[in-house]
Amino acid sequence: DSGVTQTPKHLITATGQRVTLRCSPRSGDLSVYWYQQSLDQGLQFLIQYYNGEERAKGNILERFSAQQFPDLHSELNLSSLELGDSALYFCASSQIAGRDYGYTFGSGTRLTVV
Amino acid sequence: AQRVTQPEKLLSVFKGAPVELKCNYSYSGSPELFWYVQYSRQRLQLLLRHISRESIKGFTADLNKGETSFHLKKPFAQEEDSAMYYCALSGNTPLVFGKGTRLSVIA
């Protein structure tokens with residue numbers, strides 16, 4: 001167990017729907033990162049939160065949003081889903097910026113849009 | 001801009017043979033570099049970070065700033081090394097990953 005918990009593990013939904021992915025960071029970690037892993041694009045950084053505030057934004061679509069709550073867990077909301085959004089979504093956490101020590105990853109949520 | 005290039009999508013070696021997974025990076029500052037391993041589309045696990053100069057599961061990696069490379073090496077491949085390997089760079093943005101190399105160790 002890496003200490004980063006993601007739920008649900010699998011999600012199947014229809015196009016046009018909205019889903020919420022949840023992440024609990026490792027104890028003591030203040031930063032949460034969301035990544036999307038697809039077969040053709042590899043690992044793409046979506047967004048980072050640090051202690052409740054948005055810190056960095058990557059290739060995140062406008063249909064996607066995220067937030068980090070006071071207890072430091074984070075949620076990634078995906079709306080108006082398209083077939084191309086099918087992917088593995090990983091959450092990772094780090095103590096501060098994670099620059100020297102890297103990130104700890106969760107097991108991911110596999111999203112299938114049908 | 002930060003960029004990580006892993007030129008090989010797939011690398012197949014025989015058990016007991018040496019392994020070298022290539023990683024080149026582009027970053028104007030002083031980078032922090034990592035190797036992550038992913039078994040069967042499970043979570044990514046940190047394998048190595050260059051600042052610690054450690055050896056994990058027999059793997060080592062040396063940062064060559066002149067060649068902007070951080071190749072991953074192992075002298076004798078084992079079947080359990082078969083996995084996806086990702087090189088990652090931490091500069092002034094969150095970790096940027098290469099597209100990964102799938103290592104297949106043939107018995």
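Bear in mind these aren't lab numbers, they're just calculated from the coordinates by the rules spelled out. Only a predicted model underlies this, so the values are computations on that prediction, with no experimental measurement involved. Note that each Cβ is placed from the backbone with ideal geometry, even for glycine, and that neighbours are counted across all protein chains shown.
Okay, here's what the table says:
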{"quantity": "Equivalent-ellipsoid semi-axes of the stretch B:19-83, from the Cα gyration tensor, Å, largest first", "calculated": "21, 13, 11"}
{"quantity": "Separation in nanometres of the label points that stand 7 Å from Cα toward Cβ, at B:Lys57 and B:Phe14", "calculated": "2.3 nm"}
{"quantity": "Links that overshoot a 28 Å alpha carbon limit, given the list A:Lys9/A:Lys57; B:Lys73/B:Lys99; B:Lys9/B:Lys57; A:Lys9/B:Lys65; A:Lys9/B:Lys99; B:Lys9/B:Lys74", "calculated": "A:Lys9/B:Lys65"}
{"quantity": "Alpha-carbon Rg/Rh ratio, for the stretch A:1-53, with Rh computed the Kirkwood way", "calculated": "1.00"}
{"quantity": "Averaged over A:35-43, number of beta-carbon atoms from partner chains that fall within 10 Å", "calculated": "4"}
{"quantity": "P(r), alpha carbons of the protein assembly as shown - 10 Å bins starting at zero, rounded %", "calculated": "8, 34, 35, 19, 5, 0"}
{"quantity": "Peptide B:85-92 - average C-beta neighbours from other chains (10 Å radius)", "calculated": "2"}
{"quantity": "A:His73-B:Tyr39 pseudo-label distance in nm [points 7 Å out on the Cα-to-Cβ vector]", "calculated": "2.8 nm"}
{"quantity": "Chain A: proportion of alpha-carbon pairs further apart than 22 angstrom, %", "calculated": "25 percent"}
{"quantity": "Share, in percent, of DSSP beta bridges within the protein assembly as shown that are antiparallel, nearest 5", "calculated": "90 percent"}
